[in-house]
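Below: one structure, written as structure tokens.
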Amino acid sequence: MSRADVRDAPASHLRKGILPLLGYAVLTAAMDVYAGNRFEVVSPAGIAAVSFTLTMVFFMGVEGPRRGPAEWRGTIGTHRRDLVAINITTALTWLSTFYALEYLEPAIVNVIGLALGPMVMTLAGPLLRRDSRVMATEVVVSVAIGGLLAVLMWASFSGRSGLGDLSTRDAVLGLVFTFACAAGSAVNIIYMKRLNDAGCEPGTVLATRFVLMSVVAWLLLALEDHPDLGAALLPGAVVAVIGVGLPIYVLQIGVRHTEPITTSLVVCLSPLFAFLMQFADGRLAFSGFTLAGVVGVVALVAVGVLARDRSTAPTAGAKPVGGPDPAAPPAPETAAGPAGRPAVRTPHEDHGGPRP
């Protein structure tokens, strides 16, 4: 292999990851815009019931046959508490997202969900994972993000968002649901990391994490005065594909070919994509306040991600204490990934990240 080939190999490998990650950012933005539009005529509970039941059945169908009943019982018994917790946080995150999109501009919901992750993680990370630590830069970034979110909230209350004039009730409900979504998403990532650390396979989590979400959504739909399941079938199927199934798939491809820092930075583009896509929705108009807030928050999140990456990067030429000799041959690849690392990693685990 020539030197040019060696130089081109990392770039080619990176491109294989960047395109799927861009796809993830576009898909999540498209889901927010599409769902926000459909909630004008279909209830969030109806779309949630259809989309997550389809998602649950799909992942159970894929993962179920791979293990026998005894293995499933043993795995669920071993990780029962964290699997119950991730069911609760998944239901909180997604139901809150759907109801927030019924009341607020999609770009605002998207960026607040992204931005509050680092703030919640700053507070909750050390409580839920004892070895977690918070950097001074992350604290400063979180405070600055809080200031920009306050501006976006003011824009929503004062009629300066893309939706124009909103009633105080709608603005309050939308923001409460958005905050719940962000908090649930951040804690969800922590439990995903806990399960990964405990050796629970990603397939097990995917096959079991949507059970409570599906049950609660059907209960909410049954409690509605005039539930219209027929109207929710097509939007629910679309959300299941572009909001859950495809994003999970392309995210896994992107993570496989890029570093977590790259994943985090590319995912930060999702609010910008949402801002551009929402102009296809006739309900929404251009808002300079929304654009400024989205750009500012995305920039601050990028600063926090880069600061974390630099703090965890190994010093050039340093040899880990008790670790392998850098001059030794590389460890053989296993089914779990190179040198025994898990094949699927949760990006941006320490300070927010993709909506799980």
What does the extension gain come out to for E224 and V84, with contour length at 0.36 nm per residue minus their alpha carbon separation?
47.7 nm
SASA check, D228, accessible area w/ 1.4 Å probe, all protein chains in place, rounded to nearest 10 Å², comes out at 90
For the stretch 34-119, what value does the Rg/Rh ratio take when both radii are computed over Cα atoms and Rh is the Kirkwood radius, given to two decimals?
1.08
Within 10 Å, count the other beta carbons around each residue, average over each peptide in 73-81, 233-241, and list them highest first.
233-241, 73-81
By average Cβ neighbour count within 10 Å, what is the ranking of 59-65, 148-154 from highest down?
148-154, 59-65
Per-residue ³J(HN,Hα) for the stretch 267-280, Karplus 6.51 cos²θ - 1.76 cosθ + 1.60, θ = phi - 60°, Hz, x for Gly and Pro:
4, 4, 6, 4, x, 5, 4, 4, 4, 6, 5, 5, 6, 6
Burial ranking of peptide ranges 101-111, 198-208 (average Cβ count within 10 Å, highest at the top):
101-111, 198-208
Starting from the Cα-Cα distance between V143 and L234, subtract it from 0.36 nm times their residue separation and give me the gain in nm to one decimal.
28.6 nm
Along the Cα-to-C-beta direction of A136, a point sits 7 Å from the Cα; which residues of the stretch 293-307 have their amide N less than 19 Å from that point?
303-307
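The values are calculated or read from the model by the stated rules, or taken from the named source; none is laboratory data. Predicted model only: the values in this text are computed from it and were never measured. Every residue, glycine among them, receives a Cβ derived from its backbone with ideal geometry; neighbour counts consider all protein chains shown. Remember, those area values only see protein heavy atoms, side chains included, never the ligands or the DNA or RNA. Shrake-Rupley method; radii C 1.70, N 1.55, O 1.52, S 1.80 Å.
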